[in-house]
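Below: the structure, in structure tokens.
The values are calculated or read from the model by the stated rules, or taken from the named source; none is laboratory data. Nothing here was measured: the structure is a model prediction, and the numbers come from that model. A quick note on method: Cβ atoms are made from the backbone with ideal geometry, for glycine too, and the neighbour counts reach across all protein chains shown.
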Amino acid sequence: MFNFEYPLRETKIESELENKINLLKDYVKEVYLKSTEGDPKKEMQVEEFNRHNEDILNFVEELTEKEEMSPEDKETVKLAAILHDVAKFNAPLVKHGFEGAKMAETKLKELNFNEEKVQQVKNAIERHMGPIPGFMANEAKKWEEKTGEKIEFPRPKSTVDKLLYDADMLSLISLRGIQKILTIRENTDVFQEEDEKTAAKEGITVEEARWRSALKSAYEAADSLFTESAKRKAYQFLIEAEEFAKKSLNKKVA
């Protein structure tokens, strides 16, 4: 007689995990809707953040297939990817990783994940802002000047931490990520002024100054990556972005 107990039990566990993953995805979307209700500007950003989360999850799944990771770590980084920006609307930018880790802990415990798994996800979320150069350091400095509170971003340590960070950075380095930076710079007073000054100083258009800044951010992000597979992916993205920038700027001139 054949014993099907083990494969059936394994399939049941996989099904339960997939169900929990779907619940977590729905949870993040619900948090976004509740956090932005009544604020038209934030409501307009919800779709963009949901798309960002899907991009991160896709990058995580791609990277985990190329990097040597245990099944347990693959599961952990997937959970962290789903929850990494859950507090984006509930906390200041410089603190969303810390607040998101707390929210993730509560939700994961509610879904009966074990303590070790919960702690690993928390660590990855808290550390996903760690090595980001330039921008976040400036934001932390502004926060300290405004509130007197010094923010220090912990760096990724584990394989899970590093892979989540790389996936998040790939989202920034991708053409869609760079276009998002361009939009932010075009619609934010302080960045508009910065790009206008650069354009006047260097004798270029404001559009070109904006592209230079966006590409600079993308290259800095690429330099901070940990995994080889993410670095290769970033290199492809940067080539595409450079080519797109040239075409875009040439059209503007024409």
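Just a few scattered comments:
- For the range 201-212, the set of residues classified as assigned to a helix (DSSP H, G or I) and under 19 Å from N250 (Cα atoms) consists of E202, V206, E207, E208, A209, R210, W211, R212, listed by residue number.
- When we screen E43, E10, E37 for residues that are at pLDDT 90 or above and assigned by TED's automatic domain parsing to the domain that holds M103, the only hit is E37.
- Residue within the range 94-106 that is among the aliphatic types (A, V, I, L, M), in contact (Cβ under 8 Å) with a residue 40 or more places away in the chain and either touching an Asp or Glu at 6+ places or on another chain (Cβ under 6 Å) or closer than 22 Å to A230 by Cα (or both) present: yes
- Within the range 209-242, restricting attention to residues that are among the charged types (D, E, K, R) and either crowded, with 18+ Cβ neighbours inside 10 Å or in contact with an Asp or Glu (Cβ under 7 Å, 6 or more places away or on another chain) (or both), the residue that is farthest from L172 (Cα to Cα) is R210.
- Checking each residue in the range 191-238 for being under 18 Å from N58 (Cα atoms) and in contact with a Ser or Thr (Cβ under 6 Å, 6 or more places away or on another chain) picks out only F237.
- Considered as a group, the residues in the range 45-84 that are over 19 Å from F113 (Cβ atoms) and part of a loop (DSSP other than H, G, I, E, B) include one that is nearest to the chain's Cα centre (by Cα), and that residue is E67.
- Of the residues making up the range 167-195, those that are of a type in the set (S, T, Y), closer than 24 Å to T227 by Cβ and either part of a helix (DSSP H, G or I) or over 18 Å from the mean Cα position of the chain (by Cα) (or both) number 1.
- Scope the range 109-158; condition within 16 Å of the chain's Cα centre (by Cα) and part of a helix (DSSP H, G or I); matching residues: V121, K122, N123, A124, I125, E126, R127, F135, M136
- Selected residue (only one of N58, N50 is in contact with a helix residue (DSSP H, G or I) (Cβ under 9 Å, 6 or more places away or on another chain) and at pLDDT 95 or above): N58
- Residue in the range 159-166 that is assigned to a loop (DSSP other than H, G, I, E, B) and not aromatic (F, W, Y) present: no
- Any hit, the range 139-150, residues being surrounded by 12 or more Cβ atoms within 10 Å (Cβ to Cβ) and among the β-branched types (V, I, T): no
- Any hit, the range 75-83, residues being small (G, A, S), farther than 17 Å from L172 by Cα and surrounded by 17 or more Cβ atoms within 10 Å (Cβ to Cβ): yes
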